[in-house]
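The values are calculated or read from the model by the stated rules, or taken from the named source; none is laboratory data. All figures in this text were calculated on a predicted structure; none of them were measured in a lab. Note that each Cβ is placed from the backbone with ideal geometry, even for glycine, and that neighbours are counted across all protein chains shown.
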Amino acid sequence: MESQGKTLAVVGGGAAGLAAAIAAGDFAQKRGFSLDIAVYERDDRVGRSILATGNGRCNFSNACIDAERYRNGDFVAEALGALERLSAGHGSGEPGNDPVHGFFRSLGLVWREEADGRQYPLANKASAVLDVLRAGAAGRGVREVCDSDVAAIDPPRKPQAPFTLRMVNGVLKRADAVVIACGGRTLSALDAAGVPRTAAKPVLGPLSVCERDRVVTRELDNIRVRARVSLLRGDDPCPVAAEDGELMFRKYGLSGICIFDLSRFALPGDRVAVNFLGGRTSGEAAADLESRYGRLSQRFGRLTYGDLLRGLLLPRVAEAVVKSRFINPYNHVESGDLPALAELLTGFGLEVEGIADPGLCQVRRGGLAVDALDSRTLQVRDAAGLFAAGEALDVDGPCGGYNLHWAWASGLLAGACAAAGLADGDR
């Protein structure tokens, strides 16, 4: 017998919110019960944030998601495992296939894989991802309620009573269950039933360096190099984090994907050490320079620093790096200078001042404390019917599709579990 109709409110019409709404609709259809699902979005349309990802191409996932690379990785691993079990139990997943990939495959999305496992829609436009999501939501009767800014969520006044959503314009909405799927400014305005949270701050963005080191970065503005970059703190020789990739010098400091990833850990006063020679140690680099010095000296005679580094580094980079240590690049280099030069090329240090431009950051760190939620369902502990997903939680990952993957996965888990709770009469 079909149960009485229930209502589910999803606060936030971004990646996690749309995934949650579709998952809830799928569950309700399979169980054959009536569920009214509304997505409340403060913007004038859902999915606007999705369209801006990946420079408009939407790096929506990664072929090799590693939970350890997320902030609060243990919680993420448990949630991803719960989603796999849930998908397999509902017959919607195939052994060995990621539930997020299965979800998008069921919506008709086709994608391709690029370097480092990054996955993009075959159409090469973020709109292709949003199109299949909106179609999937519409097919499950999900209502998009735009221009609806939720200011607060009041918990039920008594058992089995509904939640109350208070809109900024004073309108009140009721719901039997709520999935909070918003982050940043919107989340900070929510009561969220008193769940502890940390203030959001932007990460995955460019880094500014101290004024002293901007002498170099201004000189090299817009130049790109391949390098290994390490984040060092205090006197500890072990890096806080390290990445390989392309970095870009900017007037204010450093940019590029590898720098964005380091920004998740960087604190003012840390140092970014740039190894222009990839993974070589200073000792290995010194040996290479010694051999190079011998070969080039035989051909060209006495060598300047610029002569020795020609063909190894871009001339402007070589000149700026050498000059930063008060060495004239036109001075002749001697064999005894090579160990110091090797150290400079494998550990060129720049002092971090902070995030250069919050507007360029890809995610905001912070949100609801993960220990306040059940990782198997993403339901808030001691608040039956209240769930959270995506950027609403204090979870973030590196570049490469990690953050969108978490948004889809956590949305799918929260949406399905919210619907299951309503179907089973837990709310």
Residue in the range 369-387 that is surrounded by 15 or more Cβ atoms within 10 Å (Cβ to Cβ), touching a strand residue (DSSP E or B) at 6+ places or on another chain (Cβ under 7 Å) and of a type in the set (Lys, Arg) present: no
Residues of the range 25-48 satisfying the condition of being out of contact with any helix residue (DSSP H, G or I) (no Cβ under 7 Å at 6 or more places or on another chain), closer than 22 Å to Ala152 by Cα and surrounded by 14 or more Cβ atoms within 10 Å (Cβ to Cβ): Asp36, Ala38, Tyr40, Glu41, Asp43
Set Arg214, Arg218: member being in a helix (DSSP H, G or I), of a type outside the set (S, T, N, Q) and surrounded by 18 or more Cβ atoms within 10 Å (Cβ to Cβ): Arg214
Condition broken by Ser49, with the remaining ones in (1) at positive phi; (2) in contact with a Gly (Cβ under 8 Å, 6 or more places away or on another chain); (3) small (Gly, Ala, Ser) satisfied: (1)
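Conditions (1) in contact with a strand residue (DSSP E or B) (Cβ under 8 Å, 6 or more places away or on another chain); (2) of a type outside the set (S, T, N, Q); (3) under 30 Å from Asn55 (Cβ atoms); (4) part of a loop (DSSP other than H, G, I, E, B), marked per residue:
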position: Pro237; (1), (2), (3), (4): no, yes, no, yes
position: Met248; (1), (2), (3), (4): yes, yes, yes, no
position: Ile259; (1), (2), (3), (4): yes, yes, yes, no
position: Glu290; (1), (2), (3), (4): no, yes, no, no
position: Ala318; (1), (2), (3), (4): yes, yes, no, no
position: Tyr330; (1), (2), (3), (4): yes, yes, no, yes
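Based on this model, can you work out whether His101 counts as closer than 17 Å to Leu412 by Cβ and either modelled with pLDDT of 95 or more or touching a Pro at 6+ places or on another chain (Cβ under 7 Å) (or both)? Break it down stepwise before answering.
On the way: closer than 17 Å to Leu412 by Cβ: yes; either modelled with pLDDT of 95 or more or touching a Pro at 6+ places or on another chain (Cβ under 7 Å) (or both): yes.
Criteria met by His101.
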Output for the range 346-362, where each listed residue is at pLDDT below 95 and closer than 15 Å to Val209 by Cβ: Asp357
Cβ-Cβ under 7 Å pairs, at least 6 apart or on other chains, the range 276-288 side among the hydroxyl-bearing types (Ser, Thr, Tyr), far side buried (at least 17 other Cβ atoms within 10 Å of the Cβ): Thr281/Thr346; Ser282/Ala342; Ser282/Thr346; Ser282/Gly347
